[in-house]
Amino acid sequence: MMLRSFIAVEIPSEIQAAIALSIAPLKNALPKSLIRWVAPQNVHLTLKFLGDVSPANLEQLAGALKVEAASHEFFPISLGGLGAFPSTRRARVVWIGLEAPPALDALRRGVEATAAQLGYPAEERPFSPHLTIGRVGQNVSASDLVRIRTALEAARVGPLGQIRVGAVHIFKSDLQPGGSVYTHLYALSMKSI
């Protein structure tokens with residue numbers, strides 16, 4: 001049995017709740033037919049998407065990532081702001097922004113290198129840290145995109161708080177009709193300073 005998996009930083013529930021509260025007006029302005037919103041408890045910072053992995057390979061990866069994570073010190077990330085990829089004009093993914101020190105990119109590069117040593121292909125796109133909160137539907141019209149852009153540009157999401165990154169996590173993702181369900185598999189601690 002293969003497990004659809006990814007490596008991420010967990011977002012504390014109080015920050016997930018703050019995100020949900022701050023984007024409630026935006027969600028009310030845009031019907032579900034236009035944007036599939038991520039459930040608040042599923043908001044996370046993806047470091048690497050793995051795809052389908054066997055449980056044995058995940059265990060091996062967790063062992064290697066335990067060593068990698070322990071070589072990094074805890075660091076803070078500040079969250080806030082709202083945007084879209086590739087742009088608000090042609091939104092496909094709606095996100096909450098974050099400010100992080102170079103330690104985040106160092107951690108992400110370490111995760112990539114560790115995964116590559118075990119045969120997982122490296123991500124070709126540049127790392128653009130964000131928290132995905134919604135995905136625009138595949139069949140939206142040009143007028144729908146204008147409506148989405150207008151709502152995004154009118155929305156204001158101020159500072160949402162700061163988190164202290166102290167671990168890397170491996171999750172499995174089960175695709176369900178109501179949205180993905182994430183199950184926590186491994187927590188790999190970083191070193192506290």
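The values are calculated or read from the model by the stated rules, or taken from the named source; none is laboratory data. Since this is a predicted model, take the numbers as computed values, not measurements. Neighbour counts are summed over all protein chains in view; Cβ atoms, including those assigned to glycine, are modelled from backbone coordinates with ideal geometry.
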Subset of the stretch 131-156, residues modelled with pLDDT of 95 or more, of a type in the set (V, I, T) and either part of a loop (DSSP other than H, G, I, E, B) or farther than 21 Å from A17 by Cα (or both), comes to V136, V146, I148, T150
When you look at T88, is it over 14 Å from A8 (Cβ atoms), touching a Leu at 6+ places or on another chain (Cβ under 6 Å), of a type outside the set (G, A, S) and at pLDDT below 95, yes or no? yes
Picking from R125, R108, R147, R164, the residue that is surrounded by 19 or more Cβ atoms within 10 Å (Cβ to Cβ) and among the basic types (K, R) would be R108
In the stretch 111-122, anything touching a residue at least 12 places away in the same chain (Cβ under 8 Å), surrounded by fewer than 16 Cβ atoms within 10 Å (Cβ to Cβ) and in a loop (DSSP other than H, G, I, E, B) is listed as L118
Open item on the list: Being modelled with pLDDT of 95 or more and either loosely packed, with under 14 Cβ neighbours inside 10 Å or not aromatic (F, W, Y) (or both): is that true of A24 here?
Closed with: yes
Inside the stretch 1-26, the number of residues satisfying the requirement of being touching a Gly at 6+ places or on another chain (Cβ under 9 Å) and free of Cβ contacts under 8 Å to residues at least 40 places away in the same chain is 0
- prompt: Would you say A69 is touching a residue at least 24 places away in the same chain (Cβ under 8 Å), small (G, A, S), surrounded by fewer than 20 Cβ atoms within 10 Å (Cβ to Cβ) and assigned to a helix (DSSP H, G or I)?
  reply: no
Per the list (1) surrounded by fewer than 18 Cβ atoms within 10 Å (Cβ to Cβ); (2) touching a Leu at 6+ places or on another chain (Cβ under 7 Å), residue check on F74 breaks on (2)
In the set S54, S33, the lone residue that is touching a residue at least 40 places away in the same chain (Cβ under 8 Å), among the small types (G, A, S), surrounded by fewer than 14 Cβ atoms within 10 Å (Cβ to Cβ) and within 13 Å of K172 (Cα to Cα) is S54
Residues of the stretch 176-193 being part of a strand (DSSP E or B), over 16 Å from the mean Cα position of the chain (by Cα) and modelled with pLDDT under 95, in sequence order, are Q176, K191
